[in-house]
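Read through the structure below, which is laid out as structure tokens, and then see the notes.
The values are calculated or read from the model by the stated rules, or taken from the named source; none is laboratory data. This is a predicted model, so every value here is computed, not measured. When we count neighbours, we look across all protein chains shown, and the Cβ atoms used for this are built from the backbone with ideal geometry, even at glycine. Only protein heavy atoms, including side chains, enter the accessible area calculation; ligands, DNA and RNA are left aside. Shrake-Rupley method; radii C 1.70, N 1.55, O 1.52, S 1.80 Å.
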Amino acid sequence: MAEKRNKKIILMMATLLLGSFITTLAETLMNNGLPMIMEETHISQMNAQWLNTGYMLVAGMVMPLATFFMHRFPLRHLFTATMSIFLLGSLVATFAPNFLFLLIGRLVQAMVVGINMPLVTNVLTIIIPAKNRGLAIGIAGIIINLGPAIGPTLSGVILEFYSWRMLFIILLPFTVLTLICKIGR
């Protein structure tokens, strides 16, 4: 019985961390794409920078609301909803016909990051026994911070061969996988 519970906790933790990794990866994935976006959408660097500045601003503004949402909705449903919203934002950005839609897609993604970062930490403190909690939170911290750390390098490689839209397209299958893992349990 304990082994089955441990497997369930590991699967839940892996799903949460995959979702967090994807959402935080999106944070810095756009950095190298700005010149390409500026050229295609005919905007200035100052306007293009809103794709990053706006993202951080919205994520920071939404983060205090995470506690409100965590007390109002079951955590499983909240995580599923946020990942669904992230998928929607990624789709809007992928198929954006102009800069405004691209910015809206990015800001939708940012709302999710603002909720998911505290949500994942909170869920881990609930599902992980106290004796293993430090290790679990440490692993979570590494994985969550790995996303923004590799984002610029990954986007540089992607942009060498593909359009800036691929920066969003690569997020789609992993977001869907996270949703399948979460819903399937």
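Among residues of the stretch 83-105 that are hydroxyl-bearing (Ser, Thr, Tyr), those with a beta-carbon under 7 Å from a residue that is open to solvent by less than 10 Å² (accessible area, probe 1.4 Å) and in a helix (DSSP H, G or I) at least six positions away or on a different chain give the pairs 90/105; 90/109; 90/168; 90/171; 90/175; 94/168.
Residue by residue, here is whether (1) of a type in the set (Gly, Ala, Ser); (2) modelled with pLDDT of 95 or more holds:
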{"site": "63", "(1), (2)": "no, no"}
{"site": "85", "(1), (2)": "no, yes"}
{"site": "93", "(1), (2)": "yes, yes"}
{"site": "112", "(1), (2)": "no, no"}
{"site": "116", "(1), (2)": "no, no"}
{"site": "120", "(1), (2)": "no, no"}
{"site": "126", "(1), (2)": "no, no"}
{"site": "134", "(1), (2)": "yes, no"}
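Listed here are the helices (runs of 4 or more DSSP H) enclosed by the stretch 39-105 that have at least 1 residues being surrounded by 13 or more Cβ atoms within 10 Å (Cβ to Cβ) and more than 19 Å from the chain's Cα centre (by Cα): 45-48. Among the residues of the stretch 152-185, just one is of a type in the set (S, T, N, Q), over 16 Å from the mean Cα position of the chain (by Cα) and either within 24 Å of residue 81 (Cα to Cα) or in a helix (DSSP H, G or I) (or both), namely 153. Within the stretch 172-185, is there a residue that is in contact with a Lys or Arg (Cβ under 9 Å, 6 or more places away or on another chain) and in contact (Cβ under 8 Å) with a residue 60 or more places away in the chain? Yes, that holds for at least one residue. In the stretch 1-23, the residues that are closer than 13 Å to residue 140 by Cα and open to solvent by 30 Å² or more (accessible area, probe 1.4 Å) reach residues that are in a helix (DSSP H, G or I) and among the small types (Gly, Ala, Ser) with C-beta atoms within less than 6 angstrom, at least six apart or across chains, in these pairs: 21/147.
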